[in-house]
Amino acid sequence: MTGLDNKPATACPALVKTLTKTLAKVTSTITAAFPSLKVRQTARQQGFRVIGSDWPPVRAMSEQAVVSNPAATTSRVVSGPEEATFDGHVVRSTSVISKTTGLVWVKATFVKRQHTMAPSRAFTTAFRRLASVSTILQRPQHRCISAYGYEQAKVLAIQSLGEPKDVLHLHGHSISPPHGDLLTVRFLASPINPADINQIQGVYPTKPTFTTALGTSDPIAVGGNEGVAEIIAAGSGVKGMQKGDWGIMKKQGFGTWRTHAQCKADELMVVKDKSGLKPEQVGTVSVNPMTAYRMLKDFVRLKEGEWFVQNGANSGVGRAAIQLARLWGYKSLNIVRRREQGMAELKKDLKSLGADAVVTDEEVESKGFRDQVKELTNGGREPIRLGLNCVGGSLVNSMAKHLAPSAHMVTYGAMSKQPVSLPTGLLIFKDIHFDGFWVSKWSNENPEQKEACVSEVLDLTRQGKFKDVPMQPVTWDYDTKQDELVQAVQGTLEGFRSGKGIFVFGKT
Ligand SMILES: NC(=O)c1ccc[n+]([C@@H]2O[C@H](COP(=O)([O-])OP(=O)(O)OC[C@H]3O[C@@H](n4cnc5c(N)ncnc54)[C@H](OP(=O)(O)O)[C@@H]3O)[C@@H](O)[C@H]2O)c1
């Protein structure tokens, strides 16, 4: 029997002292190696959370391996090895950090044993107990990682279609460390767009993706279609992407109202240069600015100085259209809903983005509007050759009357839920074309152009030439309550909002 035999686990002071010393060294080594982590002097005091034991049963106490860890497949040594002797045993301890999970632990190996017999149970228990309190550290970015590096994720999901307040619920699940071509990503910002609500209500052409892969017995679907996520771990087969990169999902329907996700590397479009950008800017680039961009370019070849007219001009798409048009030399006639308060401020706001004219829906439907248009367009010499409609109803007719012959009116939304009815004369005698545009379809069919478009808009954003929409951020931490998140989604249905709802992920 060794000197450790028959002693209770706590009575192995030499071993405890050795590994505790190693831990202190690990902490200071990490602090030095990763100053940005701002690790303080001891694990417990510093934002590191001890979240349980990742110390699997000590394997047969062979000369070589005492500790193994499945998450340790790609790791690097951050301190040691150093040796300590107690009761005739020599233990070599090395601390390592996993590249995939960010977990830190101490690997201890017997290099010399005093006795030929295997160490006792007391010795083994001492190892485990020590490990459970000292070696599983969490990075201070507040990731919740369980034993073996499983990421703890939360999703805002539905089990059936309906009103968001009735069907959305928060669901928690874990994500295993990625392998092969898989990535684990942490979401940074995900907007709440009108189409997301329509999808939950079941009135959108694409249905949410229901699955049982998130650990539920009945299928659920995660809400949201847009957002930006950071890669926090990558499988060994992933090429050209790395931890810390930001990406947006290539296709709609992934479900972006979630703290974390696992996806295939080819599902993510990496943002090549994230410098100078906020997550909220990257997280809102792929739907609204893209829609505005394509609609201004793909239906009519507007020449510099020519006009387009749009309703819903203060929407995300509308604001993007105003700014892009300004940069490309087109003029914009912008229609917003009349409101009791804040009308002058709204007009001023849109003009500051580059709007040439801002009018209310009531003005457009009034008798004097024709003269106003004439004056704006230099007596009609600067034709309005494009119309953009996201509202519907009679307003579209009133807009279409002012279009030049052979112009296009592109419908991309139906905020008023009113149908568009057209006077046949506009079709027959003026040859006005009525088209529709859907960015999801366009993006799926043009992945490369989408990437180029995203980079272009992000470059403009970085240069201060493209401003983000006003936002109403909702912070989503790991412990944020379901009600708060659901309320944010439901609130998006209200009109006259001061900003777009967006989940900004904090301590997840
Ligand atoms: N087809 C596509 O590919 C595509 C892509 C992106 C967006 N969209 C659509 O474009 C529209 C705007 O989206 P967004 O994300 O830019 O919106 P957003 O930023 O959330 O703004 C919503 C806009 O809708 C207006 N609005 C709300 N309720 C209205 C009502 N009952 N009648 C008239 N206007 C109303 C708001 O005006 P107030 O300030 O006056 O309330 C605001 O201008 C939505 O219909 C969306 O589905 C379509």
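The values are calculated or read from the model by the stated rules, or taken from the named source; none is laboratory data. All values derive from a computational prediction rather than experimental measurement. Neighbour counts run over all protein chains shown; Cβ positions are idealised from the backbone, glycine included.
Tabulated results
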| item | result |
| --- | --- |
| Some residue of the stretch 490-500 being more than 9 Å from the ligand (Cβ to nearest atom) and farther than 30 Å from His260 by Cα | no |
| Residue count, the stretch 227-253 (criterion: among the polar types (S, T, N, Q) and touching a helix residue (DSSP H, G or I) at 6+ places or on another chain (Cβ under 9 Å)) | 2 |
| Boolean, Arg326 is within 14 Å of the ligand (Cβ to nearest atom) and surrounded by fewer than 23 Cβ atoms within 10 Å (Cβ to Cβ) | no |
| Gly312 assigned to a helix (DSSP H, G or I), buried (at least 21 other Cβ atoms within 10 Å of the Cβ), of a type in the set (Gly, Ala, Ser) and within 13 Å of the ligand (Cβ to nearest atom) | no |
| Residue match in the stretch 369-378 (condition: surrounded by fewer than 20 Cβ atoms within 10 Å (Cβ to Cβ) and within 16 Å of the ligand (Cβ to nearest atom)) | no |
| Among (1) within 24 Å of Gly318 (Cβ to Cβ); (2) in the same structural domain as Gly501 (by TED's automatic domain parsing), the one test that Pro279 misses | (2) |
| Qualifying residues in the stretch 414-435 (those that are of a type in the set (S, T, N, Q), surrounded by fewer than 16 Cβ atoms within 10 Å (Cβ to Cβ) and in contact (Cβ under 8 Å) with a residue 24 or more places away in the chain) - the one farthest from the ligand (Cβ to nearest atom) | Ser421 |
| Check on Val396, within 27 Å of Met249 (Cα to Cα) and buried (at least 18 other Cβ atoms within 10 Å of the Cβ) | no |
| Selection count where residues are part of a loop (DSSP other than H, G, I, E, B), within 16 Å of the ligand (Cβ to nearest atom) and either crowded, with 22+ Cβ neighbours inside 10 Å or among the aliphatic types (A, V, I, L, M) (or both), scope the stretch 276-309 | 5 |
| Residue in the stretch 449-467 that is assigned to a loop (DSSP other than H, G, I, E, B) and at pLDDT below 95 present | no |
| Residue check, Val203 within 26 Å of Leu493 (Cβ to Cβ) and surrounded by fewer than 19 Cβ atoms within 10 Å (Cβ to Cβ) | yes |
| Contacts under 6 angstrom Cβ, first residue in the stretch 436-455 being over 15 Å from Gly253 (Cβ atoms), partner within 13 Å of the ligand (Cβ to nearest atom) and part of a strand (DSSP E or B), 6 or more apart | Gly436/Thr411; Phe437/Val410 |
| Matching option when the condition is crowded, with 23+ Cβ neighbours inside 10 Å and farther than 28 Å from Thr492 by Cα, among Ala234, Ala229 | Ala234 |
| Residues of the stretch 471-508 satisfying the condition of being buried (at least 16 other Cβ atoms within 10 Å of the Cβ), of a type in the set (Ser, Thr, Tyr) and in contact with a Gly (Cβ under 7 Å, 6 or more places away or on another chain) | Thr492 |
| Val364 surrounded by 13 or more Cβ atoms within 10 Å (Cβ to Cβ), hydrophobic (A, V, I, L, M, F, W, C) and farther than 23 Å from Val287 by Cα | yes |
